[in-house]
Structures are given as C-alpha cells and as structure tokens.
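Below is one structure, written out as structure tokens, with a few remarks after it.
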Amino acid sequence: MSSVRFILSLLTAAALLAAAGSAHGADYAPPPPPPPIYTPPPPEPCCSNWYLRGYVGAGMLNGSDAEFIQNPANNSNFTFDSTSYSDQLFIGGGVGYVVNNWLRLEGTAEYRAKSRVFAFGHFTDGNGFALDDYEANLKSWLFLANAFIDLGTWDCFTPFVGAGIGGTYNTLADFIDIDPSRAGFGTSNDPSEWHFAWALYAGLSYQVSKSLSIDLTYRYLNLGSITGDINCFGGCFPDSFKFKDLYSNDIMLGLRWTCCDIAPPRYVYTPPPYVPPPPLQSRG
C-alpha cells in the first residue's frame, strides 16, 4: 500500500512540474526576429571615359631638298645643292575618350616653334658662277584626330600604337635670300599655308594612379610643304621656292588625367529602428 502511495506521489509531482513549466513559458513572448542585413548598393564608377592630355616634345625636322620654281619671265639655271632644318620644340594638348580597354580616340592641337631652315644653291649667268643662300624660320600649328590601341598592361606599364590624320598651318617667317658673290639679296612675304598632315605613334604609358598616366611616345609626323616668292632688292620678276615633303621624328612626354581622384559617395549603414518586445503576458 505504501508503494502505491509513493508512485501516486511521484506522478502528482511530475504533473505539477509540467504545469508549472507551461505556465512559466507562457509568461514570456518569443524573441524578436533578427534585424535584416543591410547591403549597400555598389558605388558608381569614379572614372570617366573622358580624359585630358598635355604634352611637350622635340622634333628632328627634315624634308626633301628645296625646289626652285622659276618665273616664266626669267631665264636662270639656278639649282639647290642642299637643304637643312634645325630641331623643333613643340607643346600641345587635347581631349580623349576611352572606348574600351584597348581603344582610345583623341583630338589634339599643337604649336611647333621655329625651326631654322637653310638652303644653299648656285647658278651661272653672263657674269660667271654665283651662289645663293636661303634662310628662314619655319613654324606650324598642327591639328590631329588620333586613334590609339593599347596592347595590354604589365605592372602598370602599357605599350601602345596609334595613327592620326589632320591638318597643319605652316608659316615661313624672316626669309632672306643672300647672293654673296653679287652682293644681292631678296626677301619673301612670310607665306602661310594649310596642308594635310598625318602621323604614326608608338609609345609606353605608366599608370601613376587611377587618375594619372605618363606617356613616352615616338611619332613620325608628315607636315606637307610651304611655298613662297622671292622679292629681289631693286625689283625683279619674283621666282618661287618650295620646301616640300616636310617630316619630323618626334619624341613626346605627356600626361593623361581623368576624374578618378573624385571620391565616390560614402554609404553609411543605418540600423533599423528598435522595436521593443511585447509586454509579458501570464496565463494565470
């Protein structure tokens, strides 16, 4: 009989404990769900496809021997024996557009400073053998539309090639024609002419930062020609001369700049507002 009472006591205690646990659990609400994870939108690209370029350089100007164009009213057997040009310094700039990771398009304007031009020739007449010495300064404005192909990048170095076409405005200034054997001289009227121009490029670029690159470039440049008249001191029927097939082997150092140093907008995480849990409720 005592064992039966003991078993009934155990069953009663277990039932009471289960009821107490259920009532205690009913006193608390379930925990709130975790706050949602905020993923900021990706920043807009900070680099524009457009860029600015500035450059300086030096060119080894050259060309064919000067051509003598005789006035039909004159009779002369003058011929040029040699022609030479001094080096040219130049400065330029332009705007470019990056089409994709290998193609760039660019337009440039450039001023080429004076190159001293010398031409030497001779002729014979009734008084015998005579010499002529031509001297002038050649300067130019150059406008080109260029296309460049980037050949890949290794450790921030990018070799490239390119080509350009456009026009050049050549001016021949301070011309003087000296005949030392006859004590004669002549001048010209500082002619200026537009001519078709074209160029070929090969170079190496180094990316200093996202916004700045340095270019070292070789360029072969064809500048066309320039023609002028010889006005003799004391009056004459003016003959003409032509410095033709002008070309230059240029070395250029340039800088390219884009907008990459402009910082993208900063996205600051803002947590959702705090929502307090519901009040405790008891079932009794």
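Structural remarks
- Applying the criterion of being in contact (Cβ under 8 Å) with a residue 60 or more places away in the chain and closer than 19 Å to Gly59 by Cα to the residues of region 86-111, the residue that is nearest to the chain's Cα centre (by Cα) is Phe90.
- Counted residues, region 127-180 - those being closer than 25 Å to Asp215 by Cβ and among the charged types (D, E, K, R): 3
- For region 36-72, the candidate set comprises residues that are outside any loop (DSSP other than H, G, I, E, B) and of a type in the set (Val, Ile, Thr); within that set, the residue that is modelled with the highest pLDDT is Val56.
- Of the criteria (1) of a type in the set (A, V, I, L, M, F, W, C); (2) surrounded by 16 or more Cβ atoms within 10 Å (Cβ to Cβ); (3) touching a Pro at 6+ places or on another chain (Cβ under 7 Å); (4) modelled with pLDDT of 85 or more, which one Ile230 fails: (4)
- Residue match in region 68-81 (condition: crowded, with 19+ Cβ neighbours inside 10 Å, closer than 18 Å to Tyr201 by Cα, aromatic (Phe, Trp, Tyr) and touching a residue at least 12 places away in the same chain (Cβ under 8 Å)): no
- Against the test of being out of contact with any Pro (no Cβ under 7 Å at 6 or more places or on another chain), buried (at least 19 other Cβ atoms within 10 Å of the Cβ) and either within 20 Å of Ser248 (Cβ to Cβ) or of a type in the set (S, T, N, Q) (or both), the options Gly162, Gly166 yield a single qualifying residue, Gly162.
- Residue within region 176-185 that is acidic (Asp, Glu), modelled with pLDDT of 85 or more, part of a strand (DSSP E or B) and closer than 23 Å to Lys242 by Cα present: no
- Of all residues in region 186-199 being assigned to a strand (DSSP E or B) and at pLDDT below 90, the one that is farthest from Asp215 (Cα to Cα): Gly186
- Checking the stated criteria, Ala202 turns out to be part of a strand (DSSP E or B) and surrounded by fewer than 17 Cβ atoms within 10 Å (Cβ to Cβ).
The values are calculated or read from the model by the stated rules, or taken from the named source; none is laboratory data. Computed from a prediction, not measured in an experiment: that's the story for all the values here. Using ideal geometry, Cβ is built from the backbone for each residue, glycine included, and neighbour counts are taken over all protein chains shown.
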